[in-house]
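Report on the following structure.
The values are calculated or read from the model by the stated rules, or taken from the named source; none is laboratory data. Computed from a predicted structure; not experimentally measured. Glycine also receives a Cβ, built like all others from the backbone with ideal geometry; neighbour counts cover every protein chain displayed. Heavy atoms of the whole protein, side chains included, go into the accessibility calculation; ligands, DNA and RNA do not. Shrake-Rupley method; radii C 1.70, N 1.55, O 1.52, S 1.80 Å.
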Number of protein chains: 2
Amino acid sequence: MQRIATISDVAHLAGVSVATASKALNGKDQVRAETRQRVLEAAEQLSFKPNPAARSLLGGPTRTVGLLTSDSVGRFGIPVMLGAEDAFGAGEMAVLLCDARGDSIREQHYIRTLLARRVDGIIVVGESTDSRPSISRDLGVPVVYAYGPSDDPGDVSFVPDDLEGSRTAIKHLVTLGRRRIAHVTGLATYQAARERAEGAAAALADAGLEPGPVFWGQWSQRWGRQAAAMVLHADPEIDAVFCGSDQIAAGFVEAARERGRRIPEDIAVVGYDNWEVLAAESRPPLTTIDPNLEVLGRTAAQHLFAAIDGRATPGVHRMPVQLVIRDST
Amino acid sequence: MQRIATISDVAHLAGVSVATASKALNGKDQVRAETRQRVLEAAEQLSFKPNPAARSLLGGPTRTVGLLTSDSVGRFGIPVMLGAEDAFGAGEMAVLLCDARGDSIREQHYIRTLLARRVDGIIVVGESTDSRPSISRDLGVPVVYAYGPSDDPGDVSFVPDDLEGSRTAIKHLVTLGRRRIAHVTGLATYQAARERAEGAAAALADAGLEPGPVFWGQWSQRWGRQAAAMVLHADPEIDAVFCGSDQIAAGFVEAARERGRRIPEDIAVVGYDNWEVLAAESRPPLTTIDPNLEVLGRTAAQHLFAAIDGRATPGVHRMPVQLVIRDST
DNA sequence: TACATTTCCGAAAACCTTTTCAGTTTTTCG
DNA sequence: CGAAAAACTGAAAAGGTTTTCGGAAATGTA
């Protein structure tokens, strides 16, 4: 492996000065076309890449962004992260990964490290849709929040539109002719649970239907199974269930099937999250709401670009979600 | 937000020259203890952090490593990645994240980008334990492979010890008194499937038992269910099944239960991977082999450190895995 | 006191790129 | 052809840090 070429090697090979070489390579218009060509060829030949350290020393952008995640479990944060990385990586941005493990001391440490490295911006990925403390104040670089929004409405946040998602789910069930629709979901301490319940209630009202029973519990398959017993016992008229997550839905259909209910003939079931390993492998495969997390991450990254360019878009942006129809409805 | 402090600010505040300040901060022994103290206090007061760009411009290390993943699905690569990030982040290393999406063109592009940024080393995270083409040749920086080993035995690779893992699983079943043990696993094109089958066969031989039937299929719950029918039909004497993944095991126990078999009384089941959402939520919860992916990632990162220091440890290192006992055995 | 050592400090160079500004060459126009 | 304008080129500086090396101060020795 040979020494890495610098711009003066290029200039020398092309027979021009360093300054001219720089201008040629950066598309400045103070250099003759023919000279530029020579420089570009020399650069190609030496496979020259400018040293980012020297570049950023000049005070220009570092073309580096920080990706700060708090998602110890990884189910939601990671697709967002990959979507963001995708959007950045396609350009010439580099992504510095920091996993704070939900520890605010670590988070502070990472923020200082990122600032010391002069990142152009930071994207903060939450582990739930609950809002989190803002880190943007006095930071000096733009910040975008993905999945978990900032508690400061002046910040830029992107969250999946759970209200719309649950409306879509209920509408789908209503279209199929279901009239008595229960909702089984997770802990009410989660914003996601509250919003999904709220959206479901609103959609039922829109359709002129009575609000169905709502069962709050855990985000687990176990709770889905327990809830199945409760739901079937509580009201035999129920012909559809909207579940707050695919885990709950998977548990529900399993237990309901064991009790002799046919899915979807007797009871139609809609899940949430489109967690492939559960939704597609369940029996029957689950109709569910896909929160499009990669798109969300990618969008957040694009808006961070914009913010770096000074075109910030404050507020909490609700990103569209998608109904994925499988065999449970 | 105030201007970021430079070392000359620190030097000025401490009443010394820039050179002395640098030496004091970096623990060089050419500075009086009292002077050093003054400098350190000044640095603290200004919350000075050295500019990494300026530092690496000198040709020293950039304290940056690349993390190159090809794991589009994320099940295995991501814990490894987080483990690695953990080991790096605890020090003062920064991690540049690159997700090549299994595309070798993208991979090449990222490698060039990482080299241009003068990373001190690269860690390559595979998406399966199958070996992958080496990228180390003529790269100029050390590379460590995690999960998916390099095809060049001169490289440094870390993989979970599937041979030992499957031996452990079988030994566990034998200890419980099971004598007729089937193996249901994924596609034989996967190294993981082959090694797990091999380890299982060896352990059976060690225990003086006949080799049990082996069923090759997919890595899916569906295949686990199908296999249950085949296993139960093929040999009613079978009293235990070792599955090549938790997905398969989850499908197997579900289907076996439906056919009236009690787990673990009639048939004991061991899974593989300790994928919490499946293994812990299955009925009954699955005994399984945990490949300790975060530890693997952390270890790989530590060895990358060593390699950067010139103390490389070539070869494919098999990392210990762990038996997690739940209710299916 | 004179000299030799040791200890400590600071000036300056080096790392690589971009940008500014002044100087030089070429072109255009009368 | 001569002069003005335009086009092009290169020297130098800046950015923050580390390192080297020479010099100054303090200490030890004769």
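General remarks:
- Amide H partners (placed H, <5 Å) of B:Arg132, local residues excluded: B:Ser150, B:Asp151
- Mean per-residue shielding of peptide B:92-99 is 6, counting Cβ atoms of other chains within 10 Å of each Cβ.
- Contact order relative to length of chain B, as percent, for alpha carbon pairs under 8 angstrom and 6 or more apart: 17
- In this structure, the amide hydrogen of B:Ala240, modeled 1.01 Å from its nitrogen in the peptide plane, lies closer than 5 angstrom to those of B:Arg180, B:Ala182, B:Ala268, counting only residues at least 5 positions away or on a different chain.
- Normalised convex hull volume, chain B, alpha-carbon set, Å³ per residue: 174
- Inter-part distance where the stretch B:222-249 and the stretch A:63-112 are each reduced to a Cα centre, Å: 41
- As a fraction of the 1.4 Å probe accessible area of chain A, surface on carbon and sulfur atoms comes out at 52 percent.
- Per residue, the convex hull spanned by the alpha carbons of the protein assembly as shown comes to 185 Å³.
- Helix A:191-206 vs. chain A, principal-axis angle (Cα, 0 to 90°, nearest 10): 60
- Neighbours of B:Ser166 by Cβ distance under 9 Å: Lys/Arg scored +1, Asp/Glu scored -1, total -2.
- Surface accessible to a 1.4 Å probe, A:Ser22 within the full protein complex, Å²: 40
- Kirkwood-type radius of the stretch A:7-50, with distances r between different C-alpha atoms, in Å: 9.7
- Summary of the geometry: the stretch B:130-201 and the stretch A:153-216, compared by the centres of their Cα atoms, lie 45 Å apart.
- Shape call, the stretch B:64-154: gyration tensor on alpha carbons, a/c limit 1.5: rounded
- Sum of side-chain charges, A:Ala21 neighbourhood, beta-carbon under 12 Å (Lys, Arg +1; Asp, Glu -1): +2
- Anisotropy class of the stretch B:187-278 from Cα gyration tensor, a/c 1.5 cut: oblate
- Peptide B:41-53, shielding by other chains (average Cβ, 10 Å cutoff): 3
- Surface per residue (accessible, 1.4 Å probe) for chain B, Å²: 42
- Inter-chain Cβ neighbour count for B:219-227, averaged per residue, equals 2 (cutoff 10 Å, partner chain atoms only).
- Highest average packing first - B:59-67, A:98-106, B:76-84, A:243-251, Cβ atoms within 10 Å: A:243-251, B:76-84, B:59-67, A:98-106
- With the helix formula -39500 (n - 2.57) applied to DSSP H stretches of n ≥ 4, chain A reaches a computed 222 nm mean residue ellipticity of -13000 deg cm²/dmol.
- Residue among A:Ala300, A:Ala33, A:Ala234 with the largest mean-square fluctuation in a Gaussian network model of chain A, springs linking Cα atoms under 10 Å: A:Ala33
- When peptides A:177-186, A:256-265 are ranked by their average number of other Cβ atoms within 10 Å per residue, the highest-first order is A:177-186, A:256-265.
- Taking Cα atoms only, the orientation of helix A:104-116 departs from the longest principal axis of chain A by about 30 degrees.
- Using the average count of surrounding beta-carbon atoms within 10 Å as a protection proxy, the listed peptides B:290-299, B:306-315 rank, highest first, as B:290-299, B:306-315.
- On Cα atoms only, tilt of A:293-308 relative to the major axis of chain A in degrees: 40
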